[in-house]
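Okay, structure first, notes after.
We did not get these values from a lab; they are worked out from the coordinates using the rules stated. Quick caveat: nothing in here was measured; it's all calculated off a predicted structure. Heads up, the Cβs are rebuilt from the backbone with ideal geometry, glycines too, and the neighbour counts pull from every protein chain shown.
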Amino acid sequence: MSDTILELRNITKVFPDLETPVIANDRVSFKLRRGEIHAIVGENGAGKTTLMNILYGLLTPDEGEIYLNGERVQLKNPRDAIARGIGMVHQHFMLIPSFTVAENLVFTFEPTKNRYFVDKERAVEITRQISERYGLHVDPHQKIAECPLSMRQRVEILKILFQGANILIFDEPTAVLTPQEADELFSAFRELKRDGKSIIFITHKLREVMAVADRVTVIRKGQVVDVAAVKDCTIESLSEKMVGRKVDIHGRKVDSAELTADPKRETILEVRNLVTEHSRTGVALQDISFIVKAGDIVGVAGVGGNGQDELVECITGLDKIIKNGKIFYRGLDITSYNAHQIRELGIAYITGERYVRGISANSSVYDNLIMGAHRRSPWAGRLFMSLKRLRELADHLIEKYNIKASSRNTHIMNLSGGNIQKCILARELNLAKDLIVAEEPTRGVDVGSIEFIHNQLIEKSKEGYGIILVSTDLDEILSLSTKIIVMYRGRIIGTVDPETVADRKEIGLLMAGIPAGEGSETA
């Protein structure tokens, strides 16, 4: 009997564009073995998520065949996939916030009593049993809205296991986890593997591939370029296959002494004793203070949901929830400034929510690139915009930032996530005067784009810009920051010198709320 549980043969998927059709998958073939952990890596726009969406029934291939246990199948929708034992944990969780953990787990498959009523006690018992079996501990009675992100992920996994999945698909599964939580997730992967489950996971973090995967498939420009046993690979070889060239992926990317050498550097931003009301997430900032000087890259580390969003909203003027404290920009009190006033000062904001805050989803690449510039010299006067100069600006930014679009008039939603992020980066850095707020600037972006974005931020730092780097990616924080503050439940729980930190887990402990640790100072 073959050990292949799943096979995709010559899968092709083309998305029509007004000018140039996009071939997302070009005769892609893929095999998954029973009880293996198989990673899929590739640049943004390489076709990874498209392939998994086809496997989960969210998309229909234009050509190609899918075989499960040697039998050809057609997956018309996710319910078809679930019925055949395929489950998917999406990068953005698909849970109902007002429901409890148990209610989400059994949703659409609810146990009943007296034929008509949901058996809530049974739902709780099912949750307890399945969580204990796989070591994914959750509170059945807790509402999803009150759960930390790591627990929500566990619920998603338990939900698809309850539905009978033998093949589990994960899209960027560690994006919201601390290093310790990522280790726990990979322990769960190994337990699932021992139980005979097969796992496919998409990731941009090649260390994760090396840590947990058995085999890896590399996709570039819609085609499979390599399938290999992980034991035969290195991070360097995988990154080169993904991008098609050598990529700088090692160690610190900045020299703190070089970037902050001038002792007379000007203070660009000061946050002083900032206190906020409880926000929509239930997190209030408590006595936040720090300074950003010219050349600084101040890394703000922490698990998502610990006050980073509220801090960014206060600095960028997006939400007026400030109760006490002050924010000064070059000595000017901007505490009560709104978002428009902040942008007029030339404070750039690279948002982590690119589809919500970063772009106008119904507009072209051109429209998104010129936003803000259309009000400023030399692209506009007091009364009129210069359409010629704006077109030249858009073309210049597309070339400079290597944005892969068929033209400036392409609809922006036809671009991959990484190229959309490059559009946001290009627009904001073009408008920035001396301060950049970079919130998750490389979330969901491939290694080639990560290298490019990091280099752009470093260059701005060398030019004397102050940068606030908010990221849940600890590697990013450690490689770019000149100093690091760690947030936990709305407070700065510790500060770390990235040049002397002995172990990345030192920051991981702070992120988990444990202030003690060599090389950190408790705030």
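Once the Cβ-Cβ distance between residue 360 and residue 115 is put in as r, and R0 is 60 Å, what FRET efficiency do you end up with, to the nearest 0.05?
0.75
Using only the Cα atoms of the chain, what semi-axes does the equivalent ellipsoid have when each is the square root of 5 times a gyration tensor eigenvalue? Give whole Å, largest first. Kindly include the intermediate steps, with their values, before the conclusion.
Values: eigenvalues 301, 169, 104 Å².
Semi-axes, largest first: 39, 29, 23 Å.
Using helices alone, I'd like the mean residue ellipticity at 222 nm for the chain: each DSSP H run of four-plus residues gives -39500 (n - 2.57), total over residue count, nearest 500. Numbers along the way, then the final one.
Working: 17 runs with 165 residues, N = 523.
That comes out to -9000 deg cm²/dmol.
Counting only C-alpha contacts under 8 Å and six or more residues apart, can you give the relative contact order of segment 324-448 as a whole percent?
Working: 150 pairs, mean separation 44.8, N = 125.
Normalised by residue count, the contact order of segment 324-448 is 36 percent.
At 7 Å along Cα-to-Cβ for each site, give me the label-to-label distance between residue 63 and residue 455 in nm.
Once both label points are built, they end up 3.6 nm from each other.
Once you have the Cα-Cα distance between residue 275 and residue 183, take 0.36 nm times their residue separation minus that, and quote the gain in nm to one decimal. Present the calculation step by step, with values, prior to reporting the outcome.
Values: separation 92, 0.36 × 92 = 33.12 nm, distance 3.37 nm.
29.7 nm is the gain from fully extending residue 275 to residue 183.
Put one equal scatterer on each alpha carbon of segment 4-243, apply the Debye formula with no solvent term, and list log10 I(q)/I(0) at q = 0.07, 0.10, 0.16, 0.18 1/Å to two decimals.
Each listed q corresponds, in turn, to -0.24, -0.49, -1.17, -1.39.
For the ranges 351-358, 217-224, 194-201, 132-139, what's the packing order if you count other beta-carbon atoms within 10 Å of each residue, average per peptide, and put the highest first? List each step's numbers first, then the result.
Numbers: 351-358: 17.1, 217-224: 21.0, 194-201: 18.9, 132-139: 15.0.
Packing proxy ranking, top to bottom: 217-224, 194-201, 351-358, 132-139.
Please say if segment 279-331 is rounded, prolate or oblate, where rounded means a/c under 1.5 for a ≥ b ≥ c the square roots of the C-alpha gyration tensor eigenvalues, and otherwise the choice is prolate for a/b larger than b/c and oblate otherwise?
Working: a/c = 2.03, a/b = 1.32, b/c = 1.54.
It is oblate, given that a/c is not under 1.5 and a/b is not larger than b/c.
Take the alpha-carbon centre of segment 49-122, take the same for segment 472-498, and report the distance between them in whole Å.
That distance is 37 Å.
How big, on average over all directions, is the shadow cast by the Cα convex hull of segment 55-96, in nm²? Intermediate values should be presented prior to the final figure.
Details: hull surface 14.4 nm².
Orientation-averaged projected area of the Cα hull: 3.6 nm².
Of 307, 138, 202, which is farthest towards the positive pole of the chain's charge dipole, taken about the Cα centre with +1 and -1 on the beta-carbons of Lys, Arg and Asp, Glu respectively?
Of 307, 138, 202, it is 202.
What order do you get for 336, 289 when you list them from fewest to most C-beta neighbours inside 10 Å?
Details: 336 11, 289 14.
Result, fewest neighbours first: 336, 289.
Can you figure out the FRET efficiency of residue 191 with residue 332, using R₀ = 51 Å and their beta-carbon distance, to the nearest 0.05?
On the way: r = 55 Å, r/R0 = 1.08.
It comes to 0.40.
Dividing the alpha-carbon radius of gyration of segment 1-129 by 2.2 N^0.38 Å (N being the number of residues), what value is obtained? If you can, show how the numbers build up before the last one.
Details: Rg = 18.3 Å, N = 129, 2.2 N^0.38 = 13.9 Å.
Against the compact-globule rule of thumb, the ratio is 1.31.
Work through the residues other than residue 475 whose Cβ is under 9 Å from its Cβ and net out their charges, Lys, Arg +1 and Asp, Glu -1.
Values: positive: 205, 207, 504; negative: 473, 476.
Local charge sum for residue 475: +1.
How much of the DSSP beta bridge set in the chain is antiparallel, as a percent to the nearest 5?
Working: 48 of 83 bridges.
The antiparallel proportion sits near 60 percent.
With labels modelled as points extended 7 Å from the Cα through the Cβ direction, what inter-label distance (nm, one decimal) is found for residue 142 paired with residue 74?
Calculated label separation equals 4.4 nm.
For a quick protection proxy, order the peptides 379-387, 21-29 by their average other-Cβ count within 10 Å, most packed first. Working shown, then result.
Working: 379-387: 11.7, 21-29: 18.8.
Top to bottom by mean Cβ count within 10 Å: 21-29, 379-387.
Could you tell me what a quarter of the Cα convex hull surface of segment 395-523 works out to, in nm² with one decimal place?
Details: hull surface 35.7 nm².
Over every viewing direction, the Cα hull of segment 395-523 projects on average to 8.9 nm².
Please compute the net charge surrounding residue 43, taking Lys and Arg as +1 and Asp and Glu as -1 over other residues with Cβ under 13 Å from its Cβ.
Details: positive: 48, 220, 221, 241, 245, 404, 422; negative: 240, 446, 451.
Summing Lys and Arg as +1 and Asp and Glu as -1 gives +4.
For segment 360-430, report the translational diffusion coefficient in µm²/s to the nearest whole number, using Stokes-Einstein at 25 °C, 0.890 mPa s, and a Kirkwood Rh over Cα pairs. Could the numbers behind the result be given before it?
Values: Rh = 12.0 Å.
The diffusion coefficient I find is 204 µm²/s.
Normalising by the residue count of segment 291-347, find the relative contact order in percent from Cα pairs under 8 Å and 6+ residues apart. Display every interim value, and only then the final one.
Numbers: 38 pairs, mean separation 14.4, N = 57.
The normalised contact order for segment 291-347 reaches 25 percent.
Counting pairwise Cα distances across segment 33-82, what percent come out greater than 12 angstrom? Spell out each step's value before the answer.
Working: 856 of 1225 pairs.
Roughly 70 percent, rounded to a whole number.
Any idea what the relative contact order of segment 360-430 is, in percent, if you count C-alpha pairs under 8 Å spaced at least 6 apart? Please report the intermediate quantities before stating the final value.
Values: 76 pairs, mean separation 29.4, N = 71.
For segment 360-430, the relative contact order is 41 percent.
Based on the Kirkwood radius over alpha-carbon pairs, what is the Stokes-Einstein translational diffusion coefficient of segment 198-354 at 37 °C with 0.692 mPa s viscosity, in µm²/s? Provide the component values of the computation, followed by the final result.
Numbers: Rh = 19.3 Å.
Value of D from the Cα-based Kirkwood radius: 170 µm²/s.
At 18 Å minimum axial length over the Cα atoms and a Kyte-Doolittle cut of 0.0, report the qualifying DSSP H helices in the chain, or say none. Present the calculation step by step, with values, prior to reporting the outcome.
Values: long enough: 120-134 (22 Å, -1.28); 149-162 (20 Å, 0.61); 179-194 (23 Å, -1.00); 387-400 (19 Å, -0.64); 417-431 (22 Å, 0.10); 447-462 (22 Å, -0.17).
Helices meeting the criterion: 149-162, 417-431.
Any idea how far apart residue 99 and residue 339 come out in nm if each label point goes 7 Å out from Cα toward Cβ?
3.1 nm
Taking a threshold of 22 Å on the Cα-Cα distance, which of the pairs 422/462; 13/197; 31/422; 253/293 fall above it?
Numbers: 422/462 20 Å; 13/197 28 Å; 31/422 33 Å; 253/293 19 Å.
Check vs 22 Å cut-off fails for 13/197; 31/422.
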